[in-house]
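Asks: This is the structure, below, for whatever I ask next.
Only the coordinates and a few stated rules stand behind these numbers; no lab work does. What you see is a predicted model; the values in this text were computed from it and never measured. Cβ sites come from the backbone with ideal geometry, for glycine too, and all protein chains shown count toward neighbours.
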Amino acid sequence: MKNIITIFLALLAISCKSQTVSLETAAQCSEANPCPVFTYVKDINNTLNKYVGWKGVYNGRFYEMKFNKALYDDMGMKIDDIRGRIRITIPGNISLTIFDNFSEPDDKKTRFSGLGLTKDLQGYRMIFGGSSPQGCINHGTVSLRINPSTPNEMRVKYWFNNDIVVGECPSTFSQTFPEQQEILLTRQ
């Protein structure tokens, strides 16, 4: 009986260890390629480390992004992801700040958090939520792509969520990210 309990505990310990999968494995799961049962999607290959600090200019606006690796933990399911900070300004004699959450100390309150690697493993998707006056939509999905042949360049593209809104959006409102336009940033 003692041996059976020892074997059972050993098998349980081995199965718990096998409940960790890499970000790459999780990203490639599909109906045709199901994932193993897991409780932790871990950045085993340090894939998220390349998303650190980036700057660039698009359409007269200066974009600055920085990301922190974070552990998302929800009822026992753990996922390594990144949480972002973004600052958008219009340079000039007096810089005009369009959006800035760099000073937010809590990663959970930046409203710029990871969704995971893309299936082709060449990009990372995030969800972003900017300030939204009534009647306006300013949240959606952001795609980050770093081509291995140009590792100091990141291409950023944004798609807003097609939510239902009530009321008119003011004509002075401008989305934080341009819709479906590619922004080229360089590593800092």
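Asks: Please list, in chain and number order, the residues 5+ apart from Lys78 or on another chain whose amide H is under 5 Å from its amide H, with Hs placed from the backbone.
Replies: For Lys78, whose amide H was placed from the backbone, the distant partners under 5 Å are Tyr40, Val41.
Asks: Another one. Are there chymotrypsin sites (Phe, Trp or Tyr not before Pro) in segment 126-188 that DSSP marks as loop and that have at most 14 other Cβ atoms within 10 Å, and which are they?
Replies: Phe173
Asks: In vacuo Debye scattering of the chain, one point per C-alpha: log10 I(q)/I(0) at q = 0.18 Å⁻¹?
Replies: After summing over all Cα pairs, the log10 values are -1.26.
Asks: For the chain, what is the charge dipole size about the Cα centre, in debye to the nearest 20, if Lys and Arg each add +1 at the Cβ and Asp and Glu each add -1 at the Cβ? Before the final figure, lay out each step's value.
Replies: Values: 21 positive and 18 negative charges, 107 e Å.
Charge dipole, the chain, about its Cα centre: 520 debye, nearest 20.
Asks: In addition: Which far-off residues, 5 or more places away or on another chain, put their amide H under 5 Å from the one on Ile44, with H placed in the peptide plane?
Replies: Correct list: Leu23.
Asks: Another question, then. Taking loop as defined by DSSP and a crowding limit of 11 other beta carbons within 10 Å, which GluC sites (Glu not before Pro) in segment 125-188 fit? Mind dumping the intermediate values first?
Replies: Numbers: sites: Glu153, Glu168, Glu179, Glu182; in loops: Glu168, Glu182.
Those satisfying the criteria are Glu168.
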